[in-house]
1. Is it true that some residue in region 193-206 is open to solvent by less than 60 Å² (accessible area, probe 1.4 Å) and under 28 Å from C109 (Cα atoms)?
2. Please note which helices (runs of 4 or more DSSP H) are completely contained in region 88-174 and include at least 3 residues that are surrounded by 23 or more Cβ atoms within 10 Å (Cβ to Cβ).
3. Identify all residues within region 207-225 that are out of contact with any Phe, Trp or Tyr (no Cβ under 9 Å at 6 or more places or on another chain), part of a loop (DSSP other than H, G, I, E, B) and open to solvent by 90 Å² or more (accessible area, probe 1.4 Å); write none if there are none.
4. Could you list all residues from region 122-178 that are aromatic (F, W, Y), modelled with pLDDT of 95 or more and closer than 27 Å to S258 by Cβ?
5. Give me the residue from region 175-186 that is of a type in the set (A, V, I, L, M, F, W, C) and either within 13 Å of D108 (Cβ to Cβ) or open to solvent by 40 Å² or more (accessible area, probe 1.4 Å) (or both) and, out of that set, farthest from the chain's Cα centre (by Cα).
6. Tell me, which residue of region 270-300 that is closer than 23 Å to V234 by Cβ and open to solvent by 80 Å² or more (accessible area, probe 1.4 Å) is modelled with the highest pLDDT?
7. Could you say whether any residue in region 129-150 is in contact with a Gly (Cβ under 6 Å, 6 or more places away or on another chain) and either acidic (D, E) or closer than 29 Å to I248 by Cα (or both)?
Amino acid sequence: MQLGLVGLGRMGFNMRDRMRAAGHDVVGYDRNPDVSDSASLADLVDTLPGPRIVWVMVPSGDPTRQTIAELAGLLSAGDLVIDGGNSRFSDDRDNAELLAAKGIAYLDCGVSGGVWGKDNGYALMVGGAAEHVERAMPVFDALRPEGPREEGFAHAGGVGAGHYAKMIHNGIEYGLMQAYAEGFELLDTADVVANVPAVIKAWQRGTVVRSWLLDLLVRALDSDPELDDLRGHVDDSGEGRWTVEEAIKLAVPAPVISAALFSRFRSRQEDSPAMRAVAALRNQFGGHAVHQAGPTSGAGSTQG
């Protein structure tokens, strides 16, 4: 197949390589001319014969909305746009309606695989009409991991279902990473365990906590056994927040994912105002020790 790919960042660049390796003719466009095959979005559209398929891999929010709006003015009836970025699922209906007014089809595709996807393949969760999914299936088959299709690809439902599924996937990922991180800190803090990296490496086979994320933690510890080269500042790209918002909206308990998200917020604070307030309250009601700001420290009673 021939298709266009908009956005050649860390994910898009590798996806282009993987699709080309599978025999597809991929024409890419990126604002960085060093990696782009086309001079502009209009040039990309003009290069592709109709009916076209254009895959969008740009940052979520305004960049994706603007790109799809521009494509709506450039593409023709019968063309197909696939949003493979991390868009919020609620954006998909607006994007689909905008394109449908021009006779252009739309699919949303949650993509997981990160920088390893070029070699290992990408897990794909797709939302949209079945006939459009079937039309793009050669592309999905090129991107997904080897093996049974159902173990790396899902037609999740109608428009929005793909990005919704990816949102929940990333919320689960938050909780898994937080559990590994807390286990690492406990092992690293305790005096009883002398070789923390060796213990975590031993979990890679035979245990119920083995996973690809654990393998990646072992990889990180191999290069930096104490993780001293890193700051404990963790950003979030949005999906965890959206997952918690959905849990609240649907009244579904999600304490693990919520706690993992809040832990990321905490990691960005040099000095937490909330924890200063907790320290002050403990000192007031129980005379518990407090640590004064600055070079000196004062302490109250340690009873209670």
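The values are calculated or read from the model by the stated rules, or taken from the named source; none is laboratory data. Computed from a prediction, not measured in an experiment: that's the story for all the values here. Glycine also receives a Cβ, built like all others from the backbone with ideal geometry; neighbour counts cover every protein chain displayed. Ligands, DNA and RNA are excluded from the accessible area calculation, which covers all protein heavy atoms including side chains. Shrake-Rupley method; radii C 1.70, N 1.55, O 1.52, S 1.80 Å.
1. Within region 193-206 (the criterion being open to solvent by less than 60 Å² (accessible area, probe 1.4 Å) and under 28 Å from C109 (Cα atoms)), the answer is no, since none of the residues qualifies.
2. Because the criterion is at least 3 residues that are surrounded by 23 or more Cβ atoms within 10 Å (Cβ to Cβ), the helices (runs of 4 or more DSSP H) in region 88-174 that meet it are 89-100.
3. Within region 207-225, V208 is the sole residue that qualifies.
4. First, pick out the residues of region 122-178 that are aromatic (F, W, Y): 122, 140, 153, 164, 174.
Next, from what is left, pick out any that are modelled with pLDDT of 95 or more: 122, 140, 153, 164.
Matches in region 122-178: Y164 only.
5. The residue in question is L186.
6. Checked region 270-300; the qualifying residue modelled with the highest pLDDT is E270.
7. Applying the first criterion (in contact with a Gly (Cβ under 6 Å, 6 or more places away or on another chain)) to region 129-150 yields 144-145.
In the following step, the residues that additionally are either acidic (D, E) or closer than 29 Å to I248 by Cα (or both) were identified as none.
Scanning region 129-150, I find no residue that is in contact with a Gly (Cβ under 6 Å, 6 or more places away or on another chain) and either acidic (D, E) or closer than 29 Å to I248 by Cα (or both), so the answer is no.
Yes or no, residue by residue, for (1) open to solvent by less than 20 Å² (accessible area, probe 1.4 Å); (2) within 30 Å of G238 (Cα to Cα):
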position: S36; (1), (2): no, yes
position: L41; (1), (2): yes, yes
position: D46; (1), (2): no, no
position: R65; (1), (2): no, yes
position: I68; (1), (2): yes, yes
position: L71; (1), (2): yes, yes
position: V81; (1), (2): yes, yes
position: G85; (1), (2): yes, yes
